[in-house]
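Colleague: I'd like to ask you about the structure that follows.
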2 protein chains.
Amino acid sequence: METLKKKILEHGTVLPGNVLKVDSFLNHQIDPVLMKEIGEEFAERFQDKKITKVLTLESSGIAPSVMAGIALDVPVIFAHKRKSLTLVDNLYTAEVYSYTKETNNEISISKDYIHEGDNVLIIDDFLANGQAALGLIRLVEQTGANPKGIGIVIEKGFQKGGEMLREKGFQLESLAIIDNLEEGKVSFREEGNSSQ
Amino acid sequence: METLKKKILEHGTVLPGNVLKVDSFLNHQIDPVLMKEIGEEFAERFQDKKITKVLTLESSGIAPSVMAGIALDVPVIFAHKRKSLTLVDNLYTAEVYSYTKETNNEISISKDYIHEGDNVLIIDDFLANGQAALGLIRLVEQTGANPKGIGIVIEKGFQKGGEMLREKGFQLESLAIIDNLEEGKVSFREEGNSSQ
């Protein structure tokens, strides 16, 4: 997605440890117009999947997901990273290991909003090792619904998550795939070469 | 805002301790169409304030804020509730006391996105004692920008936050004001009577 790649090149910052900081339009400040374009792009890429629910993870997944929800005309559910006061019972939970922080986090959704027969589109801001996506898939599987696809804003193609999810047979659509961040420079994978 | 009040009556649940649970369209599952209407309503109510930035708090403030950002054509910043890995320096911070949880939480924004001269619209999902709104105001004040107004989706009118913020002279626009939740029933304040 060219507008996204342009934005990453112009406003992204590469930090030590292969961290791409996109706080100026995605993870802290949000560019709502870009989010709308991203949401519409996801809706188009999954238009034949009869999506009935979008599932994402707080907080950075929410903006692109709500825009996809508008475009697909379906509700959006965001998984919580910790249990909240009004959501202590009635939960599906999954463990997500963070390689960056070397910790296990629990993510959860209520049992009320995704059910057997739902076709769920999973959306997240970043894909690196794929642990968050796997956690979201496990949540969907517990509900009895179908995980019909995964939409990612930025995939770190040099980490193993994308390959792992594609090998499992999921339709994974990443709007920008970064092949490396060497020497502080962002190099994108060419379009149509997502299986690389 | 009638569509919001109707949604609260149809899908809100009153829990013990004056808790109104609106997880089915705002705090966990999100109704994107309603969020769009809410964002447009905020944009209209603050249309003469020359808003240049929307500031909210993760996670439930993000969806209505992004929709307001689209309608106002300005960026949205969401304050973090904890420090994140890529945001350790360069922060403005404020303490927010939670009466519900009886804890102090730190909220923070980067120094990069709100500056002197910005006209900031603060948006949040709920207003009860006003501590989160005060924390967001303190963040804006540290930047040197102007807090031009506060947009709230649901105000608990029987708690003191609304009165306190109106007395301080802020333009506070709450799209639904609840006067009480007695006997598990939601009673709204009548429109045009926000100073009650």
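Quick note: the coordinates plus some simple rules give every number you see, no bench work behind them. This one's a predicted model, so the numbers in the text were calculated from it and none came from an experiment. Because the Cβ atoms are built from the backbone with ideal geometry, glycine has one as well, and the counts that use them run over all protein chains shown.
Colleague: Measure of size requested: the Rg and Dmax of the protein assembly as shown, with Cα atoms as the atom set and Å as the unit; please supply both.
Modeller: 20.4, 63
Colleague: Write down the percent of antiparallel bridges among all DSSP beta bridges whose residues are both part of chain B, to the nearest 5. Intermediate results must be reported in sequence, preceding the final value.
Modeller: On the way: 14 of 35 bridges.
Antiparallel bridges make up about 40 percent of those DSSP assigns within chain B.
Colleague: Provide a whole-number value for the mean count of partner chain Cβ atoms within 10 Å of the Cβ atoms in peptide A:75-82.
Modeller: On the way: counts 8, 7, 5, 8, 1, 3, 1, 0.
Neighbouring Cβ atoms belonging to other protein chains average 4 per residue here.
Colleague: What are the label-to-label distances in nm, one decimal and shortest first, from B:Asn104 to the same spot in the other copies, with labels 7 Å along Cα to Cβ?
Modeller: The answer, with the shortest distance listed first, is 3.3 nm.
Colleague: Taking beta carbons within 10 Å but only from partner chains, what does the mean come to for residues B:31-42? Kindly include the intermediate steps, with their values, before the conclusion.
Modeller: Details: counts 4, 14, 4, 1, 5, 4, 0, 0, 2, 0, 0, 0.
Other-chain Cβ atoms within 10 Å of each residue's Cβ, averaged: 3.
Colleague: Relative to a virtual label point 7 Å from the Cα of A:Asp89 in the Cα→beta-carbon direction, which members of region B:13-27 show backbone nitrogen distances below 14 Å?
Modeller: The answer is B:15-16.
Colleague: Let me ask another. Per DSSP helix of 4 or more residues, -39500 (n - 2.57); summed, then divided by the residues of chain B. What does that give at 222 nm, rounded to the nearest 500?
Modeller: On the way: 5 runs with 55 residues, N = 196.
Only helices count here, giving -8500 deg cm²/dmol.
Colleague: Can you list the HN-Hα couplings for region B:52-58, worked out from phi with the Karplus curve (6.51, -1.76, 1.60; θ = phi - 60°), rounded to whole Hz and with x for Gly and Pro?
Modeller: With the stated coefficients, region B:52-58 comes to 10, 8, 9, 10, 9, 10, 5 Hz.
Colleague: Using modelled amide H (1.01 Å from N, peptide plane; none on Pro or chain starts), what sits under 5 Å from the amide H of A:Ile30, excluding residues fewer than 5 places away?
Modeller: Counting only residues 5 or more places away or on other chains, the set is B:Val76, B:Ile77, B:Phe78.
Colleague: Between B:His115 and B:Glu167, how many nm apart are label points set 7 Å from Cα along the C-beta direction?
Modeller: 3.7
Colleague: Compute the long axis of helix A:131-143 from its Cα atoms, compare it with the longest principal axis of the Cα atoms of chain A, and write down the angle in degrees, 0 to 90, nearest 10.
Modeller: That works out to roughly 20 degrees.
Colleague: Between copies, how close do the A:Arg166 label points come, placed 7 Å along Cα→Cβ, listed in nm from shortest?
Modeller: A:Arg166 label point versus its equivalents elsewhere: 5.8 nm.
Colleague: Further question: Report the calculated FRET efficiency for B:Lys49 and A:Gln47 (r = Cβ-Cβ distance, R0 = 41 Å), to the nearest 0.05. Could the numbers behind the result be given before it?
Modeller: Values: r = 39 Å, r/R0 = 0.94.
Once rounded, the FRET efficiency stands at 0.60.
Colleague: A further question follows. Placing +1 at every Lys and Arg Cβ and -1 at every Asp and Glu Cβ, with all other atoms neutral, what dipole size does region B:39-196 have around its Cα centre, in debye to the nearest 20?
Modeller: So the magnitude is around 360 debye.
Colleague: How do A:Arg166, B:Arg45, B:Arg82 line up, fewest other C-beta atoms within 10 Å first?
Modeller: Values: A:Arg166 14, B:Arg45 17, B:Arg82 10.
In order of increasing Cβ crowding within 10 Å: B:Arg82, A:Arg166, B:Arg45.
Colleague: Then there's this: Please arrange A:Met1, A:Met67 by how many other C-beta atoms lie within 10 Å of their C-beta, fewest to most.
Modeller: Details: A:Met1 18, A:Met67 32.
The most exposed by this proxy come first: A:Met1, A:Met67.
Colleague: Another question, if that's okay. Pull up the cross-link candidates among the lysines for A:Lys185, meaning alpha carbon to alpha carbon under 22 Å and not fewer than 8 places away within one chain.
Modeller: Of all the lysines, those that pass the test against A:Lys185 - Cα under 22 Å, at least 8 places apart if same chain - are A:Lys5, A:Lys6, A:Lys7, A:Lys21, A:Lys156, A:Lys160.
Colleague: Follow-up question, since we're still on this one. Looking at the protein assembly as shown, what % of its DSSP beta bridges pair antiparallel, to the nearest 5? Walk me through the numbers before you get to the answer.
Modeller: Working: 32 of 74 bridges.
DSSP beta bridges in the protein assembly as shown are roughly 45 percent antiparallel.
Colleague: Taking the Cα atoms of chain A, what is the range of coordinates along each of the three principal axes, in descending order and whole Å?
Modeller: 47, 37, 33
Colleague: What ranking do B:106-115, B:53-62 get when scored by the average of other Cβ atoms within 10 Å per residue, highest first? Walk me through the numbers before you get to the answer.
Modeller: On the way: B:106-115: 18.3, B:53-62: 25.5.
Ranked from most to least packed, the peptides come out as B:53-62, B:106-115.
Colleague: Say a label goes 7 Å from Cα toward Cβ at A:Asn90 in every copy; what distances in nm does this one have to the rest, shortest first?
Modeller: In ascending order, 4.3 nm.
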